[in-house]
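To keep things clear, I will list the structure first and then write my remarks on it.
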Amino acid sequence: MPIDSSLVGLTGKPVWKTWTSTDALLYALGVGAGQADPLDELEFTTENSDGIAQKVLPTFANVAFSGGGDGPSLPDDIDYSKLLHASQAFSLTGPLPTAGRVETTRTITGVYDKGSGALVTTEIVARDSVGQVVGTIESGAFFRGYGGFGGERGPATSWEKPTHKPDYVVTYTTRPDQALLYRLTGDRNPLHSDPVFSARGGFSTPILHGMCTYGYVGRALLHALADSDPTRFTGMSGRFTKPLLPGQAITTSIWVDGTGARFQTVDDVGDVVIDCGTATIR
């Protein structure tokens, strides 16, 4: 089966996903919490600090709701060294518990012909034990070299970068071994750890997970816009435009826009790595 529009509408079987306090703590470390100061962000990196209750980073939803053979499956002969994460969005109806269980269903919502490759979009809906929706995830995966099948190019974005000075600018520096740490949260794609595999994909060295960069940016948004309160952070979206290398710094410019914000993230040479960013805040 090729990558083309015939895949649209395929839905995987519902799968129960569970996570523990340790999973949430490991994720927080994987996206840099406490990196600059181990005594900072203790509510996200520890579960037994005096007077500090553990909380969960909102972007952890992207890990908690994903993986585990939820399908639907793409063609078996796809070369995954040609895969790049194109976009990611999530929404939550409330804060995530430190340990939880949800039933998730994944559906292929679009397959678009970008010429040089194919863009496959999916949606995951997560429900609790009584069937109430607790969150959704929308992802885009770009497969280089799989375009040209004659499909639609997909919808255009209406996002515009504000022309005025950003309300907040936040810079974080990733660790040289950041990808090795983040992969322990579940994404074991060797593109991020194996130099032989990454070379097949056209990269001289393993690149950082796009979702790791996304988690760093989510922390910046949470602290700048929501006073570090996960109950106020209800959603985020962005497009990945350039891979980041472990050890690079990222700077996120944030423009407040009513009850939400727009943002753009650049690497340490000024190239955009996440574009068309939005966040919703209570």
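The values are calculated or read from the model by the stated rules, or taken from the named source; none is laboratory data. If you're wondering where the values come from, they're calculated on a predicted model, not measured in any experiment. All Cβ positions, glycine included, derive from the backbone under ideal geometry; neighbour counts span all protein chains shown.
Remarks
- Residues located in the range 253-276, provided they are closer than 24 Å to residue 34 by Cβ and either of a type in the set (Lys, Arg) or within 15 Å of the chain's Cα centre (by Cα) (or both): 263, 265, 273, 274
- Boolean, residue 197 is among the aromatic types (Phe, Trp, Tyr), farther than 23 Å from residue 40 by Cα and not in a helix (DSSP H, G or I): no
- The range 144-193, residues that are among the acidic types (Asp, Glu) and at pLDDT below 95: 152, 160, 187
- The condition of being under 22 Å from the mean Cα position of the chain (by Cα), under 27 Å from residue 173 (Cα atoms), surrounded by fewer than 19 Cβ atoms within 10 Å (Cβ to Cβ) and not polar (S, T, N, Q) holds for only one of 12, 34, that being 34.
A quick yes/no check of all residues on (1) buried (at least 17 other Cβ atoms within 10 Å of the Cβ); (2) hydrophobic (A, V, I, L, M, F, W, C); (3) not in a loop (DSSP other than H, G, I, E, B):
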{"residue": "227", "(1), (2), (3)": "no, no, no"}
{"residue": "234", "(1), (2), (3)": "yes, no, yes"}
{"residue": "244", "(1), (2), (3)": "yes, yes, no"}
{"residue": "254", "(1), (2), (3)": "yes, yes, yes"}
{"residue": "263", "(1), (2), (3)": "yes, yes, yes"}
{"residue": "269", "(1), (2), (3)": "no, yes, no"}
{"residue": "274", "(1), (2), (3)": "yes, yes, yes"}
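- Each residue in the range 188-208 was checked for being closer than 21 Å to residue 19 by Cβ and in contact (Cβ under 8 Å) with a residue 40 or more places away in the chain, and 1 pass.
- The range 220-244 residues that are in contact (Cβ under 8 Å) with a residue 12 or more places away in the chain, paired with ones that are surrounded by fewer than 17 Cβ atoms within 10 Å (Cβ to Cβ) and part of a helix (DSSP H, G or I) (beta carbon under 9 Å, 6 or more apart): 222/232; 225/232; 226/232
- Set side by side, the residues 154, 140, 135, 147 differ, and just one is part of a loop (DSSP other than H, G, I, E, B), surrounded by 15 or more Cβ atoms within 10 Å (Cβ to Cβ) and of a type outside the set (Lys, Arg), which is 147.
- Scan of the range 234-249 for residues that are farther than 19 Å from residue 158 by Cα and within 15 Å of the chain's Cα centre (by Cα), ordered by number: 234, 242, 243, 244
- Taken together, the criteria exclude residue 87 from residues that are among the polar types (S, T, N, Q), farther than 17 Å from residue 4 by Cα and in a loop (DSSP other than H, G, I, E, B).
- Applying the set (1) charged (D, E, K, R); (2) surrounded by fewer than 18 Cβ atoms within 10 Å (Cβ to Cβ); (3) under 18 Å from the mean Cα position of the chain (by Cα) to residue 101 leaves exactly one unmet item: (3).
- Just one of the listed residues (70, 76) is among the charged types (D, E, K, R) and either surrounded by 12 or more Cβ atoms within 10 Å (Cβ to Cβ) or modelled with pLDDT of 90 or more (or both), and it is 70.
- Beta carbons closer than 7 Å, at least 6 apart along the sequence or on distinct chains, pair a first residue in the range 53-76 that is within 14 Å of residue 14 (Cβ to Cβ) and in a loop (DSSP other than H, G, I, E, B) with a second that is among the polar types (S, T, N, Q) and at pLDDT 75 or above for 65/104; 70/104; 72/11.
- Any hit, the range 201-209, residues being of a type in the set (A, V, I, L, M), surrounded by fewer than 24 Cβ atoms within 10 Å (Cβ to Cβ) and assigned to a loop (DSSP other than H, G, I, E, B): yes
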